[in-house]
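Just below is one structure, and these are the notes that go with it.
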């Protein structure tokens, strides 16, 4: 006869460690669960069942143990179960109090007058609430009997201090009652995770389950119904016997073997001759504690089934709609400052470009320098370079910039006048799947980028309204040197002149445009790959710039060096009372 048990784990976790295995030596935990563990759990619950009804004959328990031990065991393990991350939990080392360092009290003997006034044989004067004092009074056996709060009788305090100078104090060592606790240690808790809805099936095939004189199946059902956990107490479980026809059940996928093969794990199994006394034995018993395995058991071996290979969903994946703006929320334990904006944008752009090339070539090309001319041309609006590697002069390529909120980067944004197509958006989303490192090799500084819905409104630099005044949200860096080698201002290369030149380069007449400027500190600028290694400084002086037009003008404005990497982005501003430089 075959008995099938269906078991589920309510919290999706099975906590257990194989017999006499140190948790740090076996990070996998016990999987499949051992039949010896299940048999002991069933027998333990039989005593709970016995408290609810007339006594269970010993012969019936022995018959239940014999039927279980005489059965061949196999399992149907959940296909998508996997070893969970090792947990660390504090657990008591011993069930006794662990006392802290005792407090030493010097008890002052009281004379007859003080003994009558305070009601004890010894006393201690201590500070109370605020500037007040309090007495703790002890009896002859140095037990605390009274606590007198807020003592205001100065004569009483004076008499006690005189007695303290005259008498010889008695030392009392006392443990603070509110500071003691159990000795504990952080232990490794290895778990197996079972997805919601998955179940574990036990197949017990034996000849003794159908004995008519003992009703073993009825006793088994009653014990299983009372089982609330299996393994450690955190493994909340429900288990019961399957009663529907066996034709509807899946077949086992894990079997026991006498010999150990590659990839097999040991499983503790009761021998056929195991007795009820051996099953009920405590782990503290001398015969059990001193044995390699408990009496009445043996090691057998099982091979865990492989997890099914992932199946790509059928059907076409819907293409993403063209959009001009892609946004990611920036999350980080240490947020990047305005100095690191270019470091953030250029590293994300590099990752997005690699993702674009890999998807376009099925993973064969990840470096722009090795891409074909046709592929380079397809990526020109993402890279800002033509197929020959020259920069695009019309500023039609993508702008990578940040939205600054309360002085800190809050969003990473990609914008372009020509919409991003499906392949480009997919590459941008793939680039944000893993944390983006901002530090150098070995530095754990990273940011997490979370895609934002298209319903999130655009940031201020992309205002849909025309404004007559704009100011920098990120520092403006002049694209050319302002000073010559002698430190003199170059003719026509002042910061104001370069701002006006940037406006003219973008098709805006700089005439009658007011410009105000003040220094904003040093920032890092983008360093093209072809210039890396040259003796040049990537730290440049940035400026806060405010520009006022004679009439409202529609943005956006990204001006200056590294303007496509987040510097020199302008937002609408109020210009009341502002005068031109």
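Annotations for the structure displayed:
- Comparison of 456, 495, 482, 523 shows that the only residue that is touching a helix residue (DSSP H, G or I) at 6+ places or on another chain (Cβ under 7 Å) and more than 23 Å from residue 397 (Cβ to Cβ) is 482.
- Criterion applied to 200, 193, 216, 220 was being surrounded by 12 or more Cβ atoms within 10 Å (Cβ to Cβ), touching a helix residue (DSSP H, G or I) at 6+ places or on another chain (Cβ under 6 Å) and under 30 Å from residue 256 (Cα atoms), and the one residue passing it is 216.
- Hits in segment 525-554 (condition: at pLDDT 90 or above and part of a loop (DSSP other than H, G, I, E, B)): 554
- Positions within segment 223-249 being buried (at least 19 other Cβ atoms within 10 Å of the Cβ) and not in a strand (DSSP E or B), in sequence order: 223, 224, 230, 231, 235
Okay, residues lined up against (1) at pLDDT 90 or above; (2) assigned by TED's automatic domain parsing to the domain that holds residue 272; (3) out of contact with any strand residue (DSSP E or B) (no Cβ under 8 Å at 6 or more places or on another chain):
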site: 131; (1), (2), (3): no, no, yes
site: 180; (1), (2), (3): no, no, no
site: 200; (1), (2), (3): yes, yes, no
site: 204; (1), (2), (3): yes, yes, no
site: 219; (1), (2), (3): yes, yes, yes
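- In segment 261-277, the residues that are closer than 14 Å to residue 40 by Cα and touching a strand residue (DSSP E or B) at 6+ places or on another chain (Cβ under 8 Å): 268, 269, 270, 271, 274
- Verdict on residue 272 being surrounded by fewer than 19 Cβ atoms within 10 Å (Cβ to Cβ), closer than 23 Å to residue 303 by Cα and in contact (Cβ under 8 Å) with a residue 24 or more places away in the chain: yes
- Pairs meeting the criteria (first residue in segment 190-218 and on the phi < 0 side of the Ramachandran plot, second residue part of a loop (DSSP other than H, G, I, E, B) and surrounded by fewer than 16 Cβ atoms within 10 Å (Cβ to Cβ), beta carbons under 6 Å, at least 6 apart or on different chains) are 190/23; 190/27; 190/86; 195/80; 209/1; 210/1.
- Within segment 366-383, the set of residues being surrounded by 12 or more Cβ atoms within 10 Å (Cβ to Cβ) and outside any helix (DSSP H, G or I) comprises 366, 371, 372, 379.
- Top-ranked residue of segment 120-129 - restricted to ones that are outside any strand (DSSP E or B) and modelled with pLDDT under 90, ranked as farthest from residue 175 (Cα to Cα): 129
To keep it simple, each residue is scored yes or no on (1) touching a strand residue (DSSP E or B) at 6+ places or on another chain (Cβ under 6 Å); (2) within 24 Å of residue 200 (Cβ to Cβ).
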| position | (1), (2) |
| --- | --- |
| 55 | no, no |
| 68 | no, yes |
| 76 | yes, yes |
| 87 | yes, yes |
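- Applying the set (1) over 49 Å from the mean Cα position of the chain (by Cα); (2) surrounded by 11 or more Cβ atoms within 10 Å (Cβ to Cβ) to residue 150 leaves exactly one unmet item: (2).
- Check on residue 317, surrounded by 14 or more Cβ atoms within 10 Å (Cβ to Cβ), over 15 Å from residue 428 (Cα atoms) and modelled with pLDDT under 90: no
- The residues of segment 136-163 that are in contact (Cβ under 8 Å) with a residue 12 or more places away in the chain, outside any helix (DSSP H, G or I) and in contact with a strand residue (DSSP E or B) (Cβ under 8 Å, 6 or more places away or on another chain), listed by number, are 136, 137, 138, 139, 142, 145, 146, 147, 148, 149, 150, 151.
- Residue within segment 54-75 that is surrounded by 13 or more Cβ atoms within 10 Å (Cβ to Cβ), in contact with a helix residue (DSSP H, G or I) (Cβ under 8 Å, 6 or more places away or on another chain), in the same structural domain as residue 22 (by TED's automatic domain parsing) and in a loop (DSSP other than H, G, I, E, B) present: yes
- The condition of being on the phi < 0 side of the Ramachandran plot and modelled with pLDDT under 90 does not hold for residue 106.
The values are calculated or read from the model by the stated rules, or taken from the named source; none is laboratory data. What you see is a predicted model; the values in this text were computed from it and never measured. We place every Cβ from the backbone using ideal geometry, glycine too, and count neighbours over all the protein chains shown.
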